[in-house]
Amino acid sequence: MNRRNLLGTLAAVTTTGIAMTMAGSSKAAENSSAGTAENVFRTGPRNLITDVAGLKVGQSHDEDTQTGVTVILPDEAAVAACDVRGGGPATRETDALSAENLVQEVDGIVFSGGSVFGMAAADGIAAWMGARNRGFSMGAAPGVPPSPILPTACLYDLANGGNKAWGEDPPYRRLGVKALQAASSEFELGTAGAGYGAISGGLKGGVGSASVISADGITVGALVAVNSLGSAIAPGGRYFWAAPVELNAEFGGLGTEGLVARPEDYGRAMQPRANTTLACIATDVTLTRVEAQRIAIMAQDGLARALRPAHAPFDGDVVFTLSTAQQEASKDMPRSVLVTRLGALAADTLARAIARAIYEATALPGSDVPAWRDL
């Protein structure tokens with residue numbers, strides 16, 4: 001297919017989607033429930049990343065240390081990719097996701113609080129999986145466990161007021177195993193998991209998730225732990241930057257009337273010490289590693305739509321992409337068009353997940369950091 005035909009195909013797909021969405025907009029205004037026939041792009045039944053078939057999420061937290069762990073667990077090893085945009089990432093095994101490297105699939109994605117200490121969450125999960133014969137192996141040998149592939153990213157919550165005097169025994173290995181054992185299709189949003197101790201733009205941060213089902217039945221989901229330098233709300237009010245892409249009043253339905261962005265007016269005081277937004281995009285469509293990488297890159301736009309500013313030197317912003325390969329895309333659609341569509345859906349879905357994290361969060365006991373709901 002030449003370039004002109006390819007662009008024409010993309011335009012046709014986009015125009016059709018827009019026309020169908022406009023045709024259903026009046027009905028959608030009357031009926032805001034998820035999954036109505038009138039909504040061309042609708043949320044999955046849970047509006048969580050686990051609406052993507054073949055995926056579970058587990059979480060754990062420690063109230064005393066005010067930190068936690070979230071693990072995204074595919075039923076089977078899954079193709080994955082990663083894009084790092086923050087200037088201060090704390091990551092493990094992200095290099096393994098490069099297309100030219102040996103291992104092409106992962107056994108899970110781990111998000112943790114605790115900065116460098118949080119890396120131990122993956123140690124606990126790897127040991128648990130290895131003991132149950134899950135992981136990558138060049139060939140089975142008696143007494144030799146496989147090596148679980150667990151790309152990991154951590155956020156900085158060490159200065160959030162929790163008791164971090166753990167000496168030589170940080171809680172993350174234990175929290176990692178506990179999160180894995182809790183893996184389910186249902187999980188808590190807000191003050192939970194890796195976002196338990198998170199702060200976002202001077203407000204309580206947390207874990208958020210969202211999903212969307214396209215007109216042709218492709219599911220895209222996002223999960224995010226928001227501990228950002230930037231704010232998810234516009235200055236002087238409660239309006240979310242992500243409001244233009246909100247579905248079904250999932251974070252209050254306040255609309256866009258209060259959205260005003262002025263140069264260097266970021267609202268609440270920025271705190272350049274405890275920052276990072278960790279995100280995972282998932283889809284049920286089969287992808288190559290290179291295709292997943294492009295979707296991760298495009299999904300980073302969701303951070304910029306929902307947080308202001310994003311990708312700062314203080315942030316460790318990371319976006320992963322997972323494909324559970326539960327369905328094949330139509331052979332009539334060029335792969336580049338498919339990736340473009342999925343990347344656009346991923347960015348919007350991630351923006352929604354970020355807003356949901358802040359919307360659902362509750363303030364920690366004794367903390368002077370308010371939650372959005374307390375404004």
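Taking the square roots of 5 times each eigenvalue of the Cα gyration tensor of the chain, largest first, gives ellipsoid semi-axes of 30, 28, 17 Å. The GNM of the chain, with springs linking C-alpha atoms under 10 angstrom apart, assigns the highest mean-square fluctuation among Glu100, Glu250, Glu168 to Glu168. Counted by neighbouring Cβ atoms within 10 Å, the residues Leu48, Leu247, Leu254, Leu155 run from fewest to most as Leu254, Leu247, Leu48, Leu155. Highest mobility in the GNM of the chain, judged by mean-square fluctuation with C-alpha springs under 10 Å and restricted to Gly258, Gly44, Gly108, is found for Gly258.
To make sure I understand, if each residue's beta carbon is the centre and we count other beta carbons within 10 Å, what order do Val69, Val84 fall in, fewest to most?
Numbers: Val69 37, Val84 17.
The fewest-first ordering by Cβ neighbours comes to Val84, Val69.
For the chain, relative contact order (Cα pairs under 8 Å, six or more residues apart, normalised by length) works out to 22 percent. Highest GNM mean-square fluctuation among Asp62, Asp107, Asp75, for the chain modelled with Cα contacts below 10 Å: Asp75. For region 66-136, the average shadow cast by the Cα convex hull is 5.5 nm², which is a quarter of the hull's surface.
Quickly estimate the mean residue ellipticity at 222 nm for the chain, helices only: each DSSP H run with n ≥ 4 gives -39500 (n - 2.57), and the total goes over all residues, rounded to 500. Mind showing how you got there, number by number?
Values: 5 runs with 94 residues, N = 375.
Counting only the DSSP helices, I get -8500 deg cm²/dmol.
Once both labels are positioned 7 Å from their Cα atoms along Cα-to-Cβ, the gap between Ala249 and Val290 label points is 4.7 nm. This ranking places Ile358, Ile218, Ile72 by how few other beta-carbon atoms lie within 10 Å of each, fewest first, which gives Ile218, Ile72, Ile358.
Taking 0.36 nm per residue of separation and subtracting the Cα-Cα distance, what length does fully extending Ser330 through Glu188 add?
On the way: separation 142, 0.36 × 142 = 51.12 nm, distance 3.42 nm.
Full extension of this stretch gives 47.7 nm more.
Each of Ala165 and Ser367 was given a label point 7 Å from its Cα along the Cα-to-Cβ line. The distance between the two points is 2.2 nm.
Any read-out appearing in this document is the output of simple, stated calculations on the displayed coordinates, not a laboratory observation. Remember, predicted model here, so these are calculated numbers, not experimental data. FYI the Cβ positions are ideal-geometry reconstructions off the backbone, even for glycines, and counts take in every protein chain you see.
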